[in-house]
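First up is the structure itself, then whatever we jot down about it.
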Ligand code: SF4
Ligand code: MG
């Protein structure tokens with residue numbers, strides 16, 4: 001398919017000072033990411049918390065600036081765009097936040113919240129905007145009568161649906177969701193995921209979803225990128241990634257999925273060892289301190305993301321390792 005969004009050599013570091021008054025240290029939250037997102041797909045970015053996936057998501061729509069690298073959209077490097085041009089682009093690239101409560105202004109009615117981006121971008125007159133708000137409310141399973149109510153009058157699931165309607169108001173091409181359902185009760189996650197998928201279909205959207213819940217990802221994603229300590233270690237079609245991982249870290253992540261979400265027979269495995277200090281990532285392969293397949297070479301030589309059949313993997317031994325994915329009862333969740 002056509003590439004709609006492409007990251008090249010993307011890096012972002014943060015300075016942290018810990019403990020208090022201690023020396024400043026630099027965290028490479030995103031450390032050299034190359035990535036292509038295809039028009040119309042649902043692309044997921046997964047990894048443990050602290051791996052840099054939320055930072056990467058924000059870089060992709062330039063909610064934050066990269067330290068280095070480019071993000072190509074519609075022929076322009078959005079990492080270089082001046083504020084005016086960036087503002088115009090905002091209507092194409094929208095973000096859905098994790099916490100629907102804190103991302104919605106409690107003083108504004110739901111109708112005003114959905115209408116606000118239309119006003120900001122100068123879209124439509126008052127009547128047209130009102131019609132757009134009513135249409136979006138209906139599409140997220142509410143009614144036009146809900147426009148005059150306030151966020152606190154709604155459940156968490158309804159508020160996240162309002163957040164989605166607000167993101168959709170300007171008719172974006174790409175929606176990026178950072179853990180869009182993980183703050184919600186498991187019982188209503190499916191509802192919100194379904195609405196997101198219906199809207200994606202209806203508006204021909206491209207979705208980028210950040211999540212740590214692999215069950216949600218497996219359900220939604222066409223392709224998945226796995227991140228570890230600021231780097232992408234594997235990119236593959238979702239089903240292939242889940243049933244036949246090619247990077248040892250992907251295998252480890254899959255083994256850690258809780259029993260109840262994947263099938264009755266699998267014991268919950270833990271990811272061995274702590275995530276290394278991100279201010280001082282291990283040399284060589286960053287995963288070598290936790291990898292059960294590590295060889296001497298892994299301690300010194302940093303693997304790059306290489307093309308394998310149908311996927312990309314950053315592991316010296318990707319071709320030969322015999323890894324375990326989700327199979328049988330696990331796969332049929
Ligand atoms: Fe494990 Fe070595 Fe592969 Fe890294 S390069 S994932 S340490 S086998
Ligand atoms: Mg996060």
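Couple of notes before you dig in:
- Flag if residue 131 is modelled with pLDDT of 95 or more, farther than 21 Å from residue 225 by Cα and either more than 17 Å from the chain's Cα centre (by Cα) or in a strand (DSSP E or B) (or both): yes
- For the stretch 176-189, the set of residues classified as more than 22 Å from residue 56 (Cβ to Cβ) and in contact (Cβ under 8 Å) with a residue 24 or more places away in the chain consists of 184, 185, 188, 189, listed by residue number.
- The stretch 172-189 - residue that is away from ligand 2 (no atom under 16 Å from the Cβ) and modelled with pLDDT of 95 or more and, of those, surrounded by the fewest Cβ atoms within 10 Å (Cβ to Cβ): 173
- Residue match in the stretch 46-59 (condition: more than 16 Å from ligand 1 (Cβ to nearest atom), closer than 20 Å to residue 172 by Cα and in contact with a helix residue (DSSP H, G or I) (Cβ under 7 Å, 6 or more places away or on another chain)): no
- For the stretch 24-72, a tally of residues being in contact (Cβ under 8 Å) with a residue 40 or more places away in the chain and part of a strand (DSSP E or B) returns 23.
- The number of residues in the stretch 73-91 that are closer than 17 Å to residue 120 by Cβ and either in a helix (DSSP H, G or I) or modelled with pLDDT of 95 or more (or both) comes to 7.
The values are calculated or read from the model by the stated rules, or taken from the named source; none is laboratory data. Given the structure is predicted, the values throughout are model-derived calculations rather than measurements. We place every Cβ from the backbone using ideal geometry, glycine too, and count neighbours over all the protein chains shown.
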